[in-house]
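A.B. asks: Just passing along the structure, written as structure tokens.
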């Protein structure tokens with residue numbers, strides 16, 4: 001029994017001795033523990049290198065935050081692809097790298113916001129620095145017999161206006177073989193000179209101003225009115241053909257030319273002309289840093305145009321000759337959404353983010369809708385509660401992947417897209433309930449197809465897509481003409497000789513042709529007084545009495561530069577086999593002769609109504 005007690009006492013003694021040794025070691029390291037102002041002796045160069053390495057890591061993280069609109073881990077953000085009616089995805093692709101939008105329209109046409117907070121940026125930068133805590137290369141010190149072991153710990157980051165403060169709490173152990181000594185440093189702190197906080201605040205002010213004032217939409221509307229036809233009248237006796245690509249290119253050109261001129265109120269520029277104040281955006285405070293706004297037609301842009309592409313002249317029709325002149329009225333409505341990239345920068349760093357501007361029905365979007373899940377479309381789209389199966393196919397029964405849109409009365413919304421599955425292009429999608437709504441399918445290379453459908457009950461839709469063919473046209477000896485093709489759901493126009501082909505789909509067409517030649521006919525100036533009877537003013541008007549009001553009409557003389565010398569109307573059905581045969585569409589147009597007077601010019605317009613076009617494929 002005594003022997004057992006002796007052994008137990010020896011074991012206890014060894015345990016106590018071990019604890020003392022461990023405590024001594026811990027105490028040694030505590031004594032050698034340092035803060036950034038302490039001297040580590042021969043380990044100081046290695047420690048200074050470690051701090052420099054962490055500072056470089058921090059600078060890289062700051063750069064990534066600036067390049068990606070306040071995000072480092074963009075791959076972790078939920079990605080939303082665009083659609084035909086909302087082409088902006090949740091990230092703007094720049095050189096193969098996605099920069100998150102601070103505001104964008106999702107694929108189902110909902111306005112969304114993903115602006116980072118300062119706290120989230122600090123958390124991302126802390127994480128980024130922490131993940132690189134063991135990435136420093138100490139080979140140079142290892143070769144000199146100094147070894148460094150780094151352990152994980154906490155990293156805190158504070159982003160100020162002009163500096164980023166970093167504090168780290170992680171053990172860094174140093175050991176020297178030659179001197180057989182060691183040390184440990186637990187707490188580290190350093191600062192990086194950076195305008196990240198300042199740049200973020202400026203970017204936030206610009207974003208808030210756009211959200212509340214919609215200044216980008218205002219500039220976009222001015223571009224639309226200056227660079228594309230909206231509403232107007234042209235004095236001419238010839239039909240005016242508007243081409244989608246020309247109208248869209250005008251808007252593209254206008255945005256690319258004007259958006260880069262936008263400035264913020266401050267001292268980072270000089271106005272060479274007083275009228276350039278138009279381009280200055282007034283924030284609450286002056287901005288002294290360099291900034292830029294930019295737009296590229298290569299970025300996803302939506303331009304939808306509503307209105308007749310062919311405007312016919314008024315004034316030469318029978319009964320209208322008393323007007324004494326010809327005019328062509330036109331009106332177009334646009335839906336436009338375009339991304340704008342904002343950058344604030346200096347010689348050393350930059351912060352950027354993209355946002356989207358939205359114009360609908362020639363009007364800027366309502367302010368302060370971002371981030372609340374508001375639809376960019378109508379109220380109708382909020383109540384999709386009827387499931388409908390939709391399939392889209394061509395004349396041969398082949399599946400055609402198409403984008404779908406549904407409208408009820410004057411309201412419309414995006415539905416989604418059909419996708420090829422088991423040999424069919426099909427989708428099961430939710431629709432708002434409507435009687436005799438219009439489902440429209442869109443696909444590249446095909447004409448938009450409309451399908452009348454009542455969604456107030458369970459139903460399905462099989463939509464036929466007709467392929468568009470570019471058909472060469474031969475007008476014989478005609479030098480200048482306009483030929484208009486109109487079918488039930490499709491229309492196209494040939495402006496010859498600027499274009500010698502026309503886009504057509506299978507179907508029956510009413511055709512009207514106008515042939516023109518140079519002319520020096522002149523409508524004389526009009527200066528006359530016109531009087532009309534109007535309700536009398538005052539008590540007499542209440543008693544139903546009228547009075548005469550007269551006003552002057554003054555219209556300058558008009559030269560008819562292009563006079564109608566031929567034309568006619570026709571009807572034909574073009575099959576798909578004819579359109580894709582490669583043969584030219586021959587159109588024989590009756591000619592009337594060059595008019596020598598305004599009366600003969602009007603007679604030509606009257607004769608056009610009774611003349612017949614002859615068409616064939618050869």
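A.B. asks: Please indicate, with yes or no, whether at least one residue in the range 138-147 is exposed (fewer than 14 other Cβ atoms within 10 Å of the Cβ), at negative phi, in a strand (DSSP E or B) and touching a residue at least 24 places away in the same chain (Cβ under 8 Å).
C.D. replies: So far as the range 138-147 goes, no, none of its residues is exposed (fewer than 14 other Cβ atoms within 10 Å of the Cβ), at negative phi, in a strand (DSSP E or B) and touching a residue at least 24 places away in the same chain (Cβ under 8 Å).
A.B. asks: At least 1 residues that are crowded, with 18+ Cβ neighbours inside 10 Å in each: list the strands (runs of 3 or more DSSP E) lying fully within the range 377-444 that qualify.
C.D. replies: 384-393, 403-408, 411-417, 424-432, 437-442
A.B. asks: Could you look through the range 342-359, keep only residues that are more than 18 Å from residue 264 (Cα to Cα) and over 13 Å from the mean Cα position of the chain (by Cα), and pick out the one that is surrounded by the fewest Cβ atoms within 10 Å (Cβ to Cβ)?
C.D. replies: The extreme case among them is 347.
A.B. asks: Does the range 52-69 contain at least one residue that is closer than 27 Å to residue 359 by Cβ and either crowded, with 18+ Cβ neighbours inside 10 Å or at pLDDT 90 or above (or both)?
C.D. replies: Step one: of the range 52-69, the residues closer than 27 Å to residue 359 by Cβ are 69.
Next, from what is left, pick out any that are either crowded, with 18+ Cβ neighbours inside 10 Å or at pLDDT 90 or above (or both): 69.
Yes.
A.B. asks: What do you reckon, is residue 235 free of Cβ contacts under 8 Å to residues at least 12 places away in the same chain and not assigned by TED's automatic domain parsing to the domain that holds residue 602?
C.D. replies: no
A.B. asks: Of everything in the range 164-194, what is within 19 Å of residue 57 (Cβ to Cβ) and buried (at least 21 other Cβ atoms within 10 Å of the Cβ)? Give them in sequence order.
C.D. replies: 164, 166, 168, 172, 185, 194
A.B. asks: Filtering the range 596-605 down to residues that are surrounded by 12 or more Cβ atoms within 10 Å (Cβ to Cβ) and out of contact with any strand residue (DSSP E or B) (no Cβ under 7 Å at 6 or more places or on another chain), which residue is modelled with the highest pLDDT?
C.D. replies: Once the filter is applied, the top-ranked residue is 603.
A.B. asks: On to the next question. Of the conditions (1) surrounded by fewer than 21 Cβ atoms within 10 Å (Cβ to Cβ); (2) in contact (Cβ under 8 Å) with a residue 40 or more places away in the chain; (3) in contact with a strand residue (DSSP E or B) (Cβ under 7 Å, 6 or more places away or on another chain), residue 262 satisfies every one except a single condition; which number is it?
C.D. replies: That leaves (1) as the condition not met.
A.B. asks: In this structure, is residue 540 crowded, with 20+ Cβ neighbours inside 10 Å and modelled with pLDDT under 95?
C.D. replies: no
A.B. asks: Strands (runs of 3 or more DSSP E) wholly in the range 160-276 with at least 3 residues that are over 30 Å from residue 123 (Cα atoms) - which ones?
C.D. replies: 181-193, 231-234
The values are calculated or read from the model by the stated rules, or taken from the named source; none is laboratory data. Being a predicted model, the structure only gives us computed values, none of them experimental. Every residue, glycine among them, receives a Cβ derived from its backbone with ideal geometry; neighbour counts consider all protein chains shown.
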